[in-house]
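Engineer: If you scroll down you'll find the structure; I have some questions about it.
The values are calculated or read from the model by the stated rules, or taken from the named source; none is laboratory data. All of these numbers come straight from a predicted model, not from anything done at the bench. Note that we place each Cβ from the backbone using ideal geometry, even for glycine, and neighbour counts take in every protein chain shown.
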Amino acid sequence: MSITTQIVHLRSSLPPHVELVAVSKTHPVEAIEEAYQAGQRRFGESRPQELKAKYEVLPKDICWHMIGHLQTNKIKYIAPFVTLIESVDSARLCEAIEREAAKCDRVIDILLEVHVAAEASKTGWEPTELIAYIESGAIDALTHLRVRGIMGIASNTDDEAVIRADFDHLHHLYQQLQPRFGSSFDTLSMGMSDDYPLAIACGSTSVRIGSMIFGERSYPQP
């Protein structure tokens, strides 16, 4: 199927409350333009320099999500324009984003990335560590950040029970933290091409879908 066909199909099949983030990392500008012409406005990228290069040549009403691991020295490339940083996985990164956002006189929306998967290679806060950080009040001093919710990735397995347990864990944490941040805490980002229907069933409000829209990566990750 074409990118246009896949976008139209996905957007029509998702519940009204679920946002589609088209994961365009490694794919060329032309592919994003086709998705844009099909009505898609939210795109996810994982490398700051690639994201900056695409921002510079594509329509300015695109909402760019940073979804990959973010090094503190790379925040400067995206701070002036990024819509949402989904992969905030440490207090150190929160503080670095705060500094760069202040330089741009912006409040940057973020998601706190939580590690629930079985693989140690995946990044993110341990749930108890995140709760302790929030309860310490340290994040309240970061006035150029707005915490919109949490993001997580389920275990890489064919066992649906394990995947569901991961998503249920994320949803429970999301509900636990929501009263702490109020009405602006409205995003639970979980679910990708292989598991997004289950993620939605478990309460996801935002799915990150790449290969189902664009096919396999256009060039290898470094």
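Engineer: Among (1) within 17 Å of ARG208 (Cβ to Cβ); (2) in contact with a Pro (Cβ under 8 Å, 6 or more places away or on another chain); (3) of a type in the set (Val, Ile, Thr), there is one condition ILE3 misses while meeting the rest; what is its number?
Structural biologist: With respect to (1) within 17 Å of ARG208 (Cβ to Cβ); (2) in contact with a Pro (Cβ under 8 Å, 6 or more places away or on another chain); (3) of a type in the set (Val, Ile, Thr), ILE3 is out only on (2).
Engineer: Same structure again: Show the residue pairs that are 6+ apart or on different chains and have beta-carbon atoms under 9 Å apart, the first residue being within segment 169-196 and on the phi > 0 side of the Ramachandran plot, the second being assigned to a helix (DSSP H, G or I).
Structural biologist: Listed by first residue and then by second, the contacts come to GLY191/PHE167; GLY191/PRO197; GLY191/LEU198; GLY191/ALA199; GLY191/ILE200.
Engineer: Within segment 107-166, which residues are surrounded by 13 or more Cβ atoms within 10 Å (Cβ to Cβ) and either of a type in the set (Phe, Trp, Tyr) or free of Cβ contacts under 8 Å to residues at least 12 places away in the same chain (or both)?
Structural biologist: If the condition is that a residue be surrounded by 13 or more Cβ atoms within 10 Å (Cβ to Cβ) and either of a type in the set (Phe, Trp, Tyr) or free of Cβ contacts under 8 Å to residues at least 12 places away in the same chain (or both), then TRP125, GLU129, TYR133, ALA165 are the ones that fit.
Engineer: Quick check on segment 97-118. Is at least one of its residues outside any helix (DSSP H, G or I), of a type in the set (Gly, Ala, Ser) and closer than 20 Å to ILE209 by Cβ? Full working, then the answer.
Structural biologist: Looking only at segment 97-118, we keep the residues that are outside any helix (DSSP H, G or I), and these are 104-118.
From what's left, of a type in the set (Gly, Ala, Ser): 117-118.
So of that shortlist, the ones also closer than 20 Å to ILE209 by Cβ come out as 117.
Yes, some residue in segment 97-118 is outside any helix (DSSP H, G or I), of a type in the set (Gly, Ala, Ser) and closer than 20 Å to ILE209 by Cβ.
Engineer: Just to verify a result, which residue in segment 172-202, among those that are of a type in the set (Gly, Ala, Ser) and under 17 Å from the mean Cα position of the chain (by Cα), is surrounded by the fewest Cβ atoms within 10 Å (Cβ to Cβ)? Let's see the steps before the verdict.
Structural biologist: So in segment 172-202, the residues of a type in the set (Gly, Ala, Ser) come out as 182-184, 189, 191, 193, 199, 201.
From what's left, under 17 Å from the mean Cα position of the chain (by Cα): 184, 189, 191, 193, 199.
Details: SER184: 12, SER189: 28, GLY191: 27, SER193: 15, ALA199: 28.
Out of the qualifying residues, it is SER184.
Engineer: Follow-up question, since we're still on this one. State whether the residues of segment 2-14 include one that is among the polar types (S, T, N, Q), in contact with a Gly (Cβ under 6 Å, 6 or more places away or on another chain) and either farther than 23 Å from GLY203 by Cβ or in contact (Cβ under 8 Å) with a residue 40 or more places away in the chain (or both).
Structural biologist: Restricting attention to segment 2-14, the residues satisfying the condition of being among the polar types (S, T, N, Q) are 2, 4-6, 12-13.
Of the ones still in play, those that are also in contact with a Gly (Cβ under 6 Å, 6 or more places away or on another chain) are none.
No: segment 2-14 contains no residue that is among the polar types (S, T, N, Q), in contact with a Gly (Cβ under 6 Å, 6 or more places away or on another chain) and either farther than 23 Å from GLY203 by Cβ or in contact (Cβ under 8 Å) with a residue 40 or more places away in the chain (or both).
Engineer: Among LYS60, LYS52, LYS74, which is the only one that is in contact (Cβ under 8 Å) with a residue 12 or more places away in the chain, more than 19 Å from GLU113 (Cβ to Cβ) and surrounded by fewer than 20 Cβ atoms within 10 Å (Cβ to Cβ)? Break it down stepwise before answering.
Structural biologist: On the way: LYS60 fails: in contact (Cβ under 8 Å) with a residue 12 or more places away in the chain; LYS74 fails: more than 19 Å from GLU113 (Cβ to Cβ).
Answer to the check: LYS52.
Engineer: I would also like to ask the following. Here are some conditions: (1) modelled with pLDDT under 95; (2) over 19 Å from MET192 (Cα atoms); (3) of a type in the set (Lys, Arg). LYS122 meets all but one. Which one does it not meet?
Structural biologist: (2)
Engineer: Go through segment 77-104 residue by residue and tally those that are without any contact (Cβ under 8 Å) to a residue 40 or more places away in the chain, closer than 28 Å to TYR36 by Cβ and not small (Gly, Ala, Ser).
Structural biologist: Residues flagged as without any contact (Cβ under 8 Å) to a residue 40 or more places away in the chain, closer than 28 Å to TYR36 by Cβ and not small (Gly, Ala, Ser) within segment 77-104 amount to 9.
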